[in-house]
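What follows is one structure encoded as structure tokens, with my remarks underneath.
The values are calculated or read from the model by the stated rules, or taken from the named source; none is laboratory data. Just so it is clear, the structure is predicted and the values come from calculations on it, not from any experiment. Here the Cβ positions follow ideal geometry from the backbone for every residue, glycine too, while neighbour counts run over all protein chains shown.
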């Protein structure tokens, strides 16, 4: 089987923003579908260890970078550079991501960055004609990792999973969630001490998991797990469940001062009591499960809910002529300040904190013709993709202002 090569990216004029070789293209799966994978350092272990496992069942474009963020300026990485955002890289490789875009990212994103980033990635995927986006849920079991600025930790990752569930529910199957959180919960040997970065066993685990989930999606299934049980919310609470409840109250015609702000105060409690009295539900002023069901903001799982749900539209399988049995290079498009003097290099290593070392035996990749142009940064508009996005965004900004208490040194 042909090797997977790391692709050289053009070196930027500013060394502080220069990108090393982060893009990998595999084109040796014959007529198998083409998929794309993009991520931060939680996915980069696959590239650092040069082990793509079951991903080779597909033709793919793979791009991961340490300290990458979705839309906000990325942080400084363990590879001694500041990577481009996921949105920028998507635009640079526009048209090459295939039928399914797999995203494993968000561990370095602040609240507003994550919410805005999910919407921006989904909107860009739709613009490029990608059939589906599959996002791996954030890991929360035995996690001590915090981003370099201590803006995120295991608590915010749990909140981000709620945001992902909310978006998946509203986007009708276009965005689906691969439940990495549950799948990896008891696999401590798959991770380094921080609970998110992959060991060699973890690389095998994540590539097998992704390949399986993509296969199910391409077969027409919706891989998003059932919604978790409803948690009662009342005065003093905030979060995505409060946003849903407030939206449900307004949709039910209940007057509510303050509108949708994600904070459960006295006005929200009064509106809940009014709704409960109208519906003949026990008047408590809190949104418990019966109230949430009556509001239409929660559907309890059924026995069939744990099984895969078939989507109405099956993503078309992209067939590719197997004219070249060797992986080829993806050409970044319209990289601002790029130089044509970049030197190809393949990187190997482990995600133990040290930067990968060059492989002197790396072959030189060939070049794939450019498919389209998408000037980096030109005309980028990040707009809420679904109803209620502004309220969720405001809530996310507010909650991140309550910065988590640093507990562990960042392991980027």
| task | For residue 99, state whether it is at pLDDT below 95 and either surrounded by fewer than 24 Cβ atoms within 10 Å (Cβ to Cβ) or over 21 Å from residue 185 (Cβ atoms) (or both). | result | no
| Just to be sure, is residue 237 touching a residue at least 40 places away in the same chain (Cβ under 8 Å) and either crowded, with 16+ Cβ neighbours inside 10 Å or closer than 25 Å to residue 56 by Cα (or both)? | no
| request: Output the residues belonging to the range 181-207 that are in a helix (DSSP H, G or I), over 18 Å from the mean Cα position of the chain (by Cα) and surrounded by fewer than 18 Cβ atoms within 10 Å (Cβ to Cβ). | output: 188, 189, 200, 201, 204
| query | Does any residue of the range 48-65 turn out to be modelled with pLDDT under 95, assigned to a helix (DSSP H, G or I) and buried (at least 24 other Cβ atoms within 10 Å of the Cβ)? | reply | yes
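What number of residues within the range 209-229 are assigned to a loop (DSSP other than H, G, I, E, B) and over 20 Å from residue 171 (Cα atoms)? So that I can check it myself, show each step before the final result.
Here is the first cut: in the range 209-229, the ones assigned to a loop (DSSP other than H, G, I, E, B) are 219-220, 223-229.
Cutting the leftovers down to over 20 Å from residue 171 (Cα atoms) gives us 229.
Counting residues in the range 209-229 that are assigned to a loop (DSSP other than H, G, I, E, B) and over 20 Å from residue 171 (Cα atoms) gives 1.
Within the range 256-268, is even one residue loosely packed, with under 14 Cβ neighbours inside 10 Å, outside the structural domain of residue 176 (by TED's automatic domain parsing) and modelled with pLDDT of 90 or more?
Of the range 256-268, the ones loosely packed, with under 14 Cβ neighbours inside 10 Å are 257-259, 266.
Filter once more, so that each one left must be outside the structural domain of residue 176 (by TED's automatic domain parsing): 257-259, 266.
Remaining after also requiring modelled with pLDDT of 90 or more: 266.
Yes: the range 256-268 contains one or more residues that are loosely packed, with under 14 Cβ neighbours inside 10 Å, outside the structural domain of residue 176 (by TED's automatic domain parsing) and modelled with pLDDT of 90 or more.
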| remark: The condition of being in the same structural domain as residue 45 (by TED's automatic domain parsing), surrounded by fewer than 20 Cβ atoms within 10 Å (Cβ to Cβ) and part of a loop (DSSP other than H, G, I, E, B) holds, among 80, 109, only for 80
